[in-house]
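For reference, the structure discussed in these notes is given below.
The values are calculated or read from the model by the stated rules, or taken from the named source; none is laboratory data. What you see is a predicted model, and the numbers here were worked out from it, not measured in a lab. Cβ coordinates were reconstructed from backbone atoms using ideal geometry, including for glycine residues, and neighbour counts include every protein chain displayed.
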Amino acid sequence: SVSGAQVVRALAAEDRQISALAEAAGRLRWAYVRDADTRATWAPVVQNVAQVGLAMVLVVGAWLVAHHHLQVGALITFTFWIGMVQAPFQMLGMLFVMSQRASVSAERVAELLDSPKDADPPEAIELVRSRCSVAFEAVSFAYPASAKWVLDGFDLAVEPGEAVAIVGKSGAGKTTVGRLLVRFYQPQEGRILLDGLDLRSLSGRSLRESVGFVGDDAYIFSASLFDNLAFARPEADRAEVFAAAAACGVDEFAQRLPQGYETLLGEQGLSLSGGQRQRVALARALLADPPVLFLDDATSALDAETERAVLLHALGSLTGRRTLLIVASKLSTALLASRVVMVHDGRVVADGKHDKLLVSCPLYKDLAQHRVAPTAGQGQI
Ligand code: ADP
């Protein structure tokens with residue numbers, strides 16, 4: 001709720017949030033009161049049991065001494081030993097309580113440690129950076145703890161240097177395709193190939209160098225604009241950073257910032273508009289120069305002209321044409337790519353040129369009619 005404070009205020013939900021917090025705090029308070037109550041009841045009992053035991057030993061011992069069954073020295077030694085034995089037993093009791101608390105905490109730590117990590121396979125292959133083809137072969141995938149297949153027999157082959165737009169209704173599984181491509185998750189069935197190699201066999205490092213992913217909510221670090229751009233490749237020289245910035249339209253607004261590229265952004269600095277953040281994220285991804293780039297609605301806040309320029313730049317890389325997969329919610333974005341793939345219910349239902357799909361696929365026609373028409377005269381990238 002704290003990080004969503006603006007949404008809370010915009011929806012006038014402060015009172016609801018405050019009462020939810022007050023309720024949770026109340027539950028916590030009563031849990032502590034119950035805890036204190038239980039202690040207050042049982043702690044004296046536990047402590048006094050030992051004292052009662054000692055009293056009984058003394059009474060019985062005195063009787064035995066009086067009747068000459070036991071010597072005084074033996075009784076004193078016995079009570080002394082009881083005192084020695086008691087302390088460790090009390091410690092054991094405390095240890096038991098502590099272990100109960102620790103086991104609850106340990107469960108939480110174990111939960112974190114058990115979360116799946118992207119470990120390298122035993123004989124991980126290092127992919128040599130090159131032009132990359134991408135292929136999804138009968139990929140089926142469901143998110144952990146969900147029974148629903150998000151991708152269900154998903155097939156897609158993309159040639160090196162090709163730009164493919166992925167369209168479909170919200171929830172069709174477009175973003176999931178990107179998450180699988182960067183191995184945030186692994187498919188339960190089928191396989192994903194990068195340059196003909198199974199994604200599972202690649203080392204994490206070479207995978208991340210080969211595939212870039214830019215989402216729709218660009219993250220800005222609490223650092224200068226320059227450091228935000230150079231984040232993907234800190235060793236890049238300044239000229240390269242400025243070139244990427246210029247290609248993505250960062251330069252335009254950077255000049256107007258109080259300290260230019262050295263302006264501090266993020267939590268302690270200036271906040272950027274949605275479109276500006278997207279430009280920074282795109283420039284950052286281009287600077288990393290991966291052979292495959294997955295743009296998940298990453299140009300949605302850009303105007304048509306900048307969008308086209310950015311995508312054109314994204315296609316051309318130092319090593320030749322980059323392979324681009326562009327999730328597009330705007331029809332104009334989809335039309336910039338030479339090939340459009342439509343995803344529906346986790347599988348590809350149409351694949352080809354926009355004009356052909358309009359005729360051959362009623363689902364695509366339906367989707368296209370509900371999206372903004374492309375600006376006239378806009379060429380493909
Ligand atoms: P799209 O990008 O086409 O809008 P997504 O790939 O984001 O679709 O989501 C596809 C489906 O997967 C949706 O039904 C969504 O609710 C579900 N989904 C997305 N992310 C998760 C997640 N982390 N855990 C469980 N289900 C998810």
One residue from L151, L127 being touching a Ser or Thr at 6+ places or on another chain (Cβ under 7 Å), surrounded by 12 or more Cβ atoms within 10 Å (Cβ to Cβ) and modelled with pLDDT under 85 = L127
Show the residue pairs that are 6+ apart or on different chains and have beta-carbon atoms under 6 Å apart, the first residue being within region 171-183 and of a type in the set (G, A, S), the second being near the ligand (Cβ under 6 Å from one of its atoms).
-> G173/V150
Quick one: is V59 assigned to a helix (DSSP H, G or I) and surrounded by 10 or more Cβ atoms within 10 Å (Cβ to Cβ)?
-> yes
Of all residues in region 286-334 being of a type in the set (S, T, Y) and farther than 23 Å from Y364 by Cβ, the one that is farthest from the ligand (Cβ to nearest atom) = T319
Scan region 300-326 residue by residue and report those that are surrounded by 15 or more Cβ atoms within 10 Å (Cβ to Cβ), more than 19 Å from S133 (Cβ to Cβ) and not polar (S, T, N, Q).
-> A301, L302, A304, E307, R308, A309, V310, L311, L312, H313
Filter result (within 16 Å of the ligand (Cβ to nearest atom) and surrounded by fewer than 19 Cβ atoms within 10 Å (Cβ to Cβ)) within region 335-345 = H344, D345
Looking at region 305-356, what strands (runs of 3 or more DSSP E) fall wholly within it and have at least 1 residues that are touching a His at 6+ places or on another chain (Cβ under 6 Å)?
-> 339-344
Within 13 Å of the ligand (Cβ to nearest atom), under 19 Å from A298 (Cβ atoms) and either surrounded by fewer than 16 Cβ atoms within 10 Å (Cβ to Cβ) or not polar (S, T, N, Q) (or both), is that true of V348?
-> no
For Q259, the lone unmet condition from (1) in contact with a helix residue (DSSP H, G or I) (Cβ under 7 Å, 6 or more places away or on another chain); (2) modelled with pLDDT under 90 is (1)
Mind checking which strands (runs of 3 or more DSSP E) fall wholly inside region 135-208 and carry at least 1 residues that are within 12 Å of the ligand (Cβ to nearest atom)?
-> 151-158, 163-167
Does region 215-229 contain any residue that is of a type in the set (F, W, Y), within 19 Å of the chain's Cα centre (by Cα), closer than 30 Å to V341 by Cβ and buried (at least 20 other Cβ atoms within 10 Å of the Cβ)?
-> no
For region 223-247, how many residues meet the condition of being in contact (Cβ under 8 Å) with a residue 24 or more places away in the chain, part of a helix (DSSP H, G or I) and not hydrophobic (A, V, I, L, M, F, W, C)?
-> 2
State yes or no: is A138 more than 21 Å from the chain's Cα centre (by Cα), more than 16 Å from V341 (Cα to Cα) and surrounded by 10 or more Cβ atoms within 10 Å (Cβ to Cβ)?
-> no
